[in-house]
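The structure under discussion appears below in the form of structure tokens.
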Amino acid sequence: MCRQHLVDSLAATLADYRQGQIAPIDAARIGGWVSQFPEDTHLSILAETDHVLSRTYLKQSAFESFFSNIITDAGIVGEDARAWWARSRFFTQQGLGRSQRELLALFDVALLNHCGLSYHNCGEAQGRLVYIDDAVYTGMRVLNDLTPTIAEAPAHSDIHLIVYARHNQGAAYATRELEARFRRAGKTATINWTYELDLENNEPLNSDVLWPKSVPADAETQQYQDTLTRAFLLRTGDSVGKNGFFSSGARRHLLEQEFLKAGAHIRAETDTLNEYARPLGNRVMQDFGFGALIVTYRNCPNGCPLVFWAGDHPLFERRNN
């Protein structure tokens, strides 16, 4: 496949990224981005990045379809969707970021179309609490948002979290910790999840994140590794992940190695990154990074590899919270 075709395909995949806020991701931007990798890897990196992002980049239309489907899903709302949503209270006090406000606006369109309701007019005092966001990565956003609600919550809370994608380690952590925080307050909570993509990032074998099999021998990656105070569990095998985001084990390995090397270089050369900016994405734990591949039309999360959003030639212009 020729370079121009790959560039055009990737640009088409990302066409609605922050549409109306920034210039479209075009051939010049993609060319600058791929230039940070060894020249003999350019075609393979372009091809695999386009393959992966065609599965992990979430367009606005994906959210619109997702919301339309769940609003009338009898497995969630029973036989009377309108009554179910009318009783629900919607969480609207997100702290950092704008994802919830923007996604609630999309959800409201679907709710009006299917049920003739607006979330502004829904909610019984003791009704379930509905929390909507684009994706769950570490689970900390959910915890930070919902913990302040515990003080005024009833003796028992039914919490329904709706996200397009969730990383299972973060979702499990958020569930356990929320339940524990309610218990410490002398209350109980039932946590329910609705999602389209369930992403494996708890164990490496079938993981849906960038999880290297080996550590490249280049100087900057080795220097970064020397700063780590905990052992890093390397991936084994040639899995393309539970959700099959990668085209092959070999192409997955290529992205992991080249993104890790480039990320280590960006980290070494950039003095504006915070202390948790790992080569493969922000993470509190000292390792090579979160490795997230989910990017939405709204923004690129900092849990994605640094080559996506940092350095001199990022693929995505990231909006900071």
What percentages make up the Cα-Cα pair-distance distribution of the chain when the bins are 20 Å wide from 0? 31, 54, 15, 0
Quote the charge dipole size of segment 141-217 about the Cα centre in Debye, to the nearest 20; the model charges only the Cβ of Lys and Arg (+1) and of Asp and Glu (-1). 320
Report the charge-dipole magnitude of the chain in Debye, nearest 20, computed about the Cα centre from +1 at each Lys and Arg Cβ and -1 at each Asp and Glu Cβ. 720
Lysines with Cα under 20 Å of residue 213, excluding same-chain neighbours fewer than 8 positions away: 242, 261
Treating only the Cβ atoms of Lys and Arg (+1) and Asp and Glu (-1) as charged, compute the dipole magnitude of segment 59-143 about its Cα centre; round to the nearest 20 debye. 240
State the answer as a single residue: which of 116, 15, 68 lies farthest towards the positive end of the charge dipole of segment 1-128, with beta carbon charges of +1 for Lys and Arg and -1 for Asp and Glu, about the Cα centre. 116
Accessible-area ranking of 109, 215, largest first, probe 1.4 Å: 109, 215
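If you stretched the chain out fully between residue 26 and residue 43, how much longer would it get, using 0.36 nm times the residue separation minus the C-alpha to C-alpha distance?
Numbers: separation 17, 0.36 × 17 = 6.12 nm, distance 1.66 nm.
So the chain would gain 4.5 nm between residue 26 and residue 43.
Among 114-125, 66-77, how do they line up from the highest to the lowest mean number of other beta-carbon atoms within 10 Å? Don't skip to the answer; put the middle values down first.
Values: 114-125: 14.0, 66-77: 16.0.
Packing order, densest peptide first, comes out as 66-77, 114-125.
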Residue-normalised accessible area of segment 1-70, expressed per residue, 1.4 Å probe, Å²: 46
Considering only protein heavy atoms, what is the solvent-accessible area of residue 227 at a probe of 1.4 Å, reported in Å² to the nearest 10? 80
With both bridge residues required to lie in the chain, what share of the DSSP beta bridges run antiparallel, to the nearest 5%? 0
Tell me the label-point distance for the pair residue 105, residue 19, using the 7 Å Cα-to-Cβ offset, in nm and rounded to one decimal. 1.4
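Counting alpha carbon pairs within less than 8 Å and at least 6 residues apart, what relative contact order, in whole percent, applies to segment 258-321? Before the final figure, lay out the partial values.
On the way: 117 pairs, mean separation 17.2, N = 64.
For segment 258-321, the relative contact order is 27 percent.
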For residue 128, the accessible surface traced by a 1.4 Å probe with all protein chains present amounts, in square angstrom to the nearest 10, to 40
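Give me the extension gain from residue 320 to residue 156: residue separation times 0.36 nm, minus the current Cα-Cα distance, reported in nm with one decimal.
Fully extending the segment from residue 320 to residue 156 adds 55.5 nm.
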With Cα atoms, 0 to 90° folded angle of helix 3-13 axis to the chain main axis: 10
Once all Cα-Cα distances of segment 244-321 are split into 5 Å bins that start at 0, what whole-number percent is in each one? 3, 17, 26, 27, 17, 7, 2, 0
Summing -39500 (n - 2.57) over every DSSP H run of at least 4 in the chain, dividing by its residue total and rounding to the nearest 500, the 222 nm mean residue ellipticity is -12500 deg cm²/dmol
So how much slack lies between residue 247 and residue 176, counting 0.36 nm per residue of separation and subtracting their Cα-Cα distance, in nm? 22.1 nm
Averaged over every viewing direction, what's the projected area of the C-alpha convex hull for segment 37-179? Give it in nm², one decimal, please. 10.5
Of 266, 306, 229, whose Cα points farthest to the positive end of the dipole of the chain (charges on the beta-carbon: +1 Lys, Arg; -1 Asp, Glu; origin at the Cα centre)? 229
How far is helix 60-71 tilted, in degrees, relative to the longest principal axis of the Cα atoms in the chain, given as a value from 0 to 90 rounded to the nearest 10? 30
Give me the accessible area of residue 82, 1.4 Å probe, in Å² rounded to the nearest 10. 120
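Compute the relative contact order of segment 168-281 as a whole-number percentage, counting only Cα pairs closer than 8 Å that sit 6 or more residues apart in sequence.
Numbers: 114 pairs, mean separation 25.1, N = 114.
Answer for segment 168-281 is 22 percent.
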Enter the angle in degrees (range 0 to 90, nearest 10) between the Cα long axis of helix 168-184 and the first principal axis of the Cα atoms of the chain, meaning the one along which they spread out most. 40
When the accessible area of the chain is computed with all protein chains present and a 1.4 Å probe, what percentage of it is carbon and sulfur? 48
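The values are calculated or read from the model by the stated rules, or taken from the named source; none is laboratory data. The structure presented is a predicted model; accordingly, all values stated were derived computationally and were not measured. So basically every Cβ, Gly included, is an ideal-geometry build from the backbone, and we count neighbours across all protein chains shown. Keep in mind that these areas ignore ligands, DNA and RNA; they rest on the heavy atoms of the full protein, side chains included. Shrake-Rupley method; radii C 1.70, N 1.55, O 1.52, S 1.80 Å.
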